[in-house]
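Nothing in this text is a laboratory measurement; each read-out follows from the coordinates by a stated rule. This structure is a prediction, so every number in the text was calculated from the model and none was measured. Neighbour counts are summed over all protein chains in view; Cβ atoms, including those assigned to glycine, are modelled from backbone coordinates with ideal geometry.
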Amino acid sequence: MRSAAIKILLVQGGLGDSVGPLLERHGYRVIWVQTAKQALERVVSEKPALVIIDAPSLIANPEKLCQEIKRTKDLPVLMLGEQGGRDNGAQPGRAYAGCADEFLPRPLRARQLLLRIAKLLPEGLTTELRCGDLVFRPADGILRKRDKEVYLNPKLSRLLQLFMQHPGEVLTRRMLMQQVWDTDYVGDTRTLDVHIRWLRLAIEDNPTMPVYLRTVRGQGYCFQNPKKK
């Protein structure tokens, strides 16, 4: 089962290294604004579950914005910033400790960011996809199979998310290349082949005889629940 997409308000000025596409690939609905004024307006109108403030990208004072958001709506706030915030590196995030719930220094690591977001979301909002013995959280790339947990990188996460959201459907190689690698080129799909092999290693008991992810010769792949047969 899948819940409605969780809204995240991303406050990031300019066109720099946006985390928006990463979050969207993991199933979040990202509302991207570039100014403090827009952020405060969207906090009210969009009712996001979480706010991410990219401090170095803003002209406005990020601490003041964080405090205004907290006064407007009691929402969890994740602050992204330099190693040490604005206090010359004395202690990472200390400058934001009075307002932000969590701080992450740049450069960011995808897994760390996704895990921190999942931690901050209100209980019950984290999306889970289930099929057979598999329980997958696109938000943080964590796959649980019976009593084992593994982390899937962003590309593998997006692949599994697509398959689990379309059970019983044949997904063509072209569609997978478009959705995961943002390309229509299918002249060389070795990258897809490798990722399918890695994904089977994670989800199948015997990857050479897959029961979840079947190849449909000449068409693509089909994901199914072996327990429903």
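Numbers at a glance
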read-out: Long-range amide H partners of Leu10 with built H, under 5 Å; value: Ile31, Trp32, Val33, Ile52
read-out: Approximate shape of the range 26-65 as ellipsoid semi-axes (Cα gyration tensor, √5λ), whole Å, largest first; value: 18, 12, 8
read-out: Residue order, fewest to most surrounding Cβ atoms within 10 angstrom, among Thr208, Thr191; value: Thr208, Thr191
read-out: Isolated Cys in the chain, by beta carbon distance under 4.7 Å; value: Cys131, Cys222
read-out: Highest-first arrangement of 69-79, 45-55, 162-172, 22-32, where packing means the average Cβ count within 10 Å; value: 45-55, 22-32, 69-79, 162-172
read-out: The chain, relative contact order in percent, only Cα pairs under 8 angstrom and at least six apart counted; value: 14
read-out: Alpha carbon convex hull of the range 134-229, volume per residue in cubic angstrom; value: 98
read-out: Residue-averaged 222 nm ellipticity for the chain, from DSSP H runs of 4+ at -39500 (n - 2.57), nearest 500; value: -9500 deg cm²/dmol
read-out: Which of Lys119, Lys145 has the fewest Cβ neighbours within 10 Å, and the rest in rising order; value: Lys119, Lys145
read-out: When each of Lys73/Lys155; Lys119/Lys145; Lys64/Lys119; Lys70/Lys155; Lys7/Lys37 is checked by Cα-Cα distance, pairs over 29 Å; value: Lys73/Lys155; Lys70/Lys155
read-out: DSSP bridge pairs, the chain: antiparallel proportion in percent, nearest 5; value: 50
read-out: Reciprocal of mean inverse Cα separation for the chain (Kirkwood radius, Å); value: 19.1
